[in-house]
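The values are calculated or read from the model by the stated rules, or taken from the named source; none is laboratory data. The structure displayed is predicted, hence computed values, not measured ones. Here Cβ is always computed from backbone atoms with ideal geometry, including for glycine, and neighbour counts include all displayed protein chains. When the accessible area is computed, the model is the full protein with side chains, heavy atoms only, and any ligands, DNA or RNA have been set aside. Shrake-Rupley method; radii C 1.70, N 1.55, O 1.52, S 1.80 Å.
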Amino acid sequence: MIESVYRSEDLPAADRFAVWRDLLMKAMCPQEVLVEHAAPFEARMRVVQLNAVNVWKTTSLPVTWRRTPRAIRESDPERYHLTLLLRGGLSVSQGGQEGTHGPFGMYILGTSRPYVATNGPALAVGLEVPRRLLSLPARRTEALVTRRISGRNGPGACWRGRSPG
């Protein structure tokens, strides 16, 4: 198990966004990460690497992520990204499908196709899983991309009313 912790207040204001962006890309995949104002950027992130799976928790100001065709050509870890929003909201688009998610909503993205996601101030927990570890056929998993998955029932329900550590 490898753990990385990031707290923006631990860094000079001019370095905060770049360090957070680099940690985010290592936890997920290469992508454009954009903010309206890089300084003073405020965020916290904890990433735990469990063999081939990454688990992370982050809080941040508004951010936009873009996974471009060029980034995919340069590096595709062939992973699925599952996020549970605990606070805030997010809009996401991938493969002609779009979704808007609020607290206790979960969504899935795949690293093998372009996507755009934009959130307001948010608290989220994510899971990065290699596609090869899933027993579902790719077409079934791809059908779930961007769709809202309840965080109030099933797997997401364990967070209800709690503040994750």
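If the condition is being over 16 Å from PRO77 (Cβ atoms), open to solvent by less than 90 Å² (accessible area, probe 1.4 Å) and in a helix (DSSP H, G or I), then segment 12-23 contributes ALA13, ASP15, ARG16, PHE17, ALA18, VAL19, TRP20, ARG21. In the condition set (1) over 19 Å from TYR6 (Cα atoms); (2) open to solvent by less than 50 Å² (accessible area, probe 1.4 Å), GLY96 is compliant with all but (2). Between SER112, SER163, the distinction of being in a loop (DSSP other than H, G, I, E, B), at negative phi, open to solvent by 10 Å² or more (accessible area, probe 1.4 Å) and at pLDDT 60 or above belongs to SER112 only. Within segment 45-69, the set of residues being over 18 Å from ARG21 (Cα atoms) and either open to solvent by 50 Å² or more (accessible area, probe 1.4 Å) or not in a strand (DSSP E or B) (or both) comprises LEU50, ASN51, ALA52, PRO69. Scanning segment 87-129 for residues that are among the aliphatic types (A, V, I, L, M) and in contact (Cβ under 8 Å) with a residue 60 or more places away in the chain returns ALA122, LEU123, ALA124, VAL125, LEU127, VAL129. Filtering segment 121-144 to residues that are of a type in the set (Gly, Ala, Ser), at pLDDT below 90 and not in a helix (DSSP H, G or I) leaves SER135, ALA143. With respect to the conditions (1) under 13 Å from the mean Cα position of the chain (by Cα); (2) open to solvent by 70 Å² or more (accessible area, probe 1.4 Å), LEU85 falls short on a single one, namely (2).
Residues GLU74, GLU3, GLU36, GLU9: which one is within 17 Å of GLU128 (Cα to Cα) and open to solvent by 40 Å² or more (accessible area, probe 1.4 Å)? Before you say what the answer is, go through the steps one by one.
Values: GLU74 fails: within 17 Å of GLU128 (Cα to Cα); GLU36 fails: within 17 Å of GLU128 (Cα to Cα); GLU9 fails: within 17 Å of GLU128 (Cα to Cα).
Going through GLU74, GLU3, GLU36, GLU9 in turn, the sole match is GLU3.
Inspect segment 24-43 for any residue being part of a strand (DSSP E or B), more than 17 Å from ASN119 (Cβ to Cβ), touching a residue at least 24 places away in the same chain (Cβ under 8 Å) and acidic (Asp, Glu) and give the result as yes or no. Give the steps one after another, and end with the answer.
Of all residues in segment 24-43, those part of a strand (DSSP E or B) come to 32-34, 43.
Now narrow it down to the ones that are more than 17 Å from ASN119 (Cβ to Cβ): none.
No: zero hits.
If you check PHE41, PHE104 for being within 17 Å of SER8 (Cα to Cα) and among the aromatic types (Phe, Trp, Tyr), only one passes: PHE41.
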